[in-house]
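Undergrad: I am attaching a structure below and will ask some questions about it afterwards.
The values are calculated or read from the model by the stated rules, or taken from the named source; none is laboratory data. Small disclaimer: the values here were computed from a predicted structure and weren't measured. When we count neighbours, we look across all protein chains shown, and the Cβ atoms used for this are built from the backbone with ideal geometry, even at glycine.
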């Protein structure tokens with residue numbers, strides 16, 4: 001019996017192509033979001049890059065232009081929910097559809113006992129990790145349904161399902177995100193859309209360094225390695241809906257094929 005990982009496209013002869021596809025990536029200015037944005041642009045997609053930091057977005061735009069790609073910059077705070085509500089209409093006016101969505105942006109929040117988390121930090125975890133993704137689904141859903149093969153990818157974490165002391169705030173938000181995404185996948189089952197959760201695990205990013213300051217970052221995979229898997233899950237050849245993929249399981253399967 002084949003496993004879920006057996007369904008991930010291989011693309012052993014050449015990098016996957018996304019010519020003519022329109023992609024929106026949140027948290028695009030750094031880390032995993034930046035690596036995915038650059039990989040999609042190199043593959044031929046037009047990338048809509050959403051992040052708060054204008055300078056970092058402009059630097060990424062320059063790099064995309066250097067490799068022959070194209071991008072539209074959206075310097076926006078995910079807590080500006082009214083702007084998220086309007087984003088779908090703006091994309092429709094220019095492209096009439098959205099083929100790829102990557103829900104990458106997220107905040108870690110305090111690593112502390114649950115009872116010590118300040119209410120404002122708790123609310124920010126909900127606003128950015130959960131509510132912003134719901135507002136984006138709500139805003140973009142008609143665009144996904146205009147695509148012939150929309151592919152949606154949301155980044156999650158192992159703590160969503162494996163409770164860990166002092167990680168309660170982040171874990172709560174990722175568990176809520178997983179329920180939201182799995183419900184949306186079930187509601188989209190009879191469409192050409194495919195909705196996927198990706199757990200990258202510990203990755204060489206600024207968020208990881210703030211959570212685990214004593215960790216040797218050279219022992220962790222880089223954002224580009226996560227992007228390699230993401231390209232497979234965002235390609236039209238990926239056909240499973242509602243799957244939850246673990247990067248380390250995939251990498252182990254690649255290293256030790258049956």
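Undergrad: Just to be sure before I move on: is residue 71 free of Cβ contacts under 8 Å to residues at least 60 places away in the same chain, closer than 29 Å to residue 235 by Cβ and assigned to a helix (DSSP H, G or I) in the structure I sent?
TA: no
Undergrad: If you take the residues of the stretch 149-162 that are in a loop (DSSP other than H, G, I, E, B) and over 18 Å from residue 202 (Cβ atoms), which of them is farthest from the chain's Cα centre (by Cα)?
TA: In this case the residue turns out to be 149.
Undergrad: Output the residue which, of all residues in the stretch 37-54 that are touching a residue at least 60 places away in the same chain (Cβ under 8 Å) and over 21 Å from residue 88 (Cα atoms), is surrounded by the fewest Cβ atoms within 10 Å (Cβ to Cβ).
TA: The extreme case among them is 43.
Undergrad: Please specify each residue of the stretch 232-252 satisfying the condition of being surrounded by 15 or more Cβ atoms within 10 Å (Cβ to Cβ), farther than 21 Å from residue 188 by Cβ and either in contact with a helix residue (DSSP H, G or I) (Cβ under 7 Å, 6 or more places away or on another chain) or at pLDDT 95 or above (or both).
TA: Result: 246, 247, 250.
Undergrad: What are the residue pairs meeting all of these: first residue in the stretch 237-258, first residue at positive phi and without any contact (Cβ under 8 Å) to a residue 60 or more places away in the chain, second residue assigned to a helix (DSSP H, G or I) and loosely packed, with under 14 Cβ neighbours inside 10 Å, Cβ atoms under 6 Å, and 6 or more apart or on different chains?
TA: Close Cβ pairs satisfying both conditions: none exist.
Undergrad: Hey, among the residues in the stretch 1-25 that are at pLDDT 95 or above and not in a loop (DSSP other than H, G, I, E, B), which one's farthest from residue 247 (Cα to Cα)?
TA: Result: 22.
Undergrad: Consider residue 88 carefully, then state whether it is part of a loop (DSSP other than H, G, I, E, B), surrounded by 15 or more Cβ atoms within 10 Å (Cβ to Cβ) and modelled with pLDDT of 95 or more.
TA: It is false that residue 88 is part of a loop (DSSP other than H, G, I, E, B), surrounded by 15 or more Cβ atoms within 10 Å (Cβ to Cβ) and modelled with pLDDT of 95 or more.
Undergrad: May I ask you to say which residue of 132, 176, 165, 171 is over 21 Å from residue 233 (Cα atoms) and within 15 Å of the chain's Cα centre (by Cα)?
TA: Answer to the check: 132.
Undergrad: Any idea how many residues of the stretch 90-102 are free of Cβ contacts under 8 Å to residues at least 24 places away in the same chain and within 20 Å of residue 52 (Cα to Cα)?
TA: Number satisfying all stated conditions: 1.
Undergrad: Counting only residues that are touching a residue at least 60 places away in the same chain (Cβ under 8 Å) and buried (at least 22 other Cβ atoms within 10 Å of the Cβ), which one in the stretch 134-173 is farthest from residue 95 (Cα to Cα)?
TA: It comes out as 169.
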